[in-house]
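Read-outs throughout are calculated quantities, based only on the coordinates presented, and are distinct from any laboratory measurement. Note that the coordinates shown come from a computational prediction; the quantities given were computed from them, not determined experimentally. Because the Cβ atoms are built from the backbone with ideal geometry, glycine has one as well, and the counts that use them run over all protein chains shown.
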Amino acid sequence: MRNLRMGVRAALAAGVLPLGRISSVVRRASGRPSELEYEVPFGEAGRAAVVVHEPCYRLWRVETMARINQAAQ
């Protein structure tokens, strides 16, 4: 889990993952029907999207909120 968290932090720092309010479309994962995946639109008018599985999505939200809270201080 630590490596996953570090990857999410690095992607946020590099601008690969958007920072801010995260809205998503949830659906069953294409690989395993018992898993969920989140499609998160971003970019200009939501023209781009990233698809992540639940553990990555949760960490993304946690790390996004931590960065927003840190910037507000």
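Screening the range 16-58 for residues that are over 20 Å from M1 (Cβ atoms) and of a type in the set (D, E, K, R) and picking the one that is surrounded by the fewest Cβ atoms within 10 Å (Cβ to Cβ) gives E44. Residues that are of a type in the set (D, E): list the strands (runs of 3 or more DSSP E) wholly contained in the chain that include at least 1 such residues. Hits in the chain: 36-42. Of all residue pairs spaced 6 or more apart or on separate chains, those with beta-carbon atoms under 9 Å, a first member in the range 1-14 that is surrounded by fewer than 11 Cβ atoms within 10 Å (Cβ to Cβ) and a second member that is part of a helix (DSSP H, G or I) are M1/P55; M1/L59.
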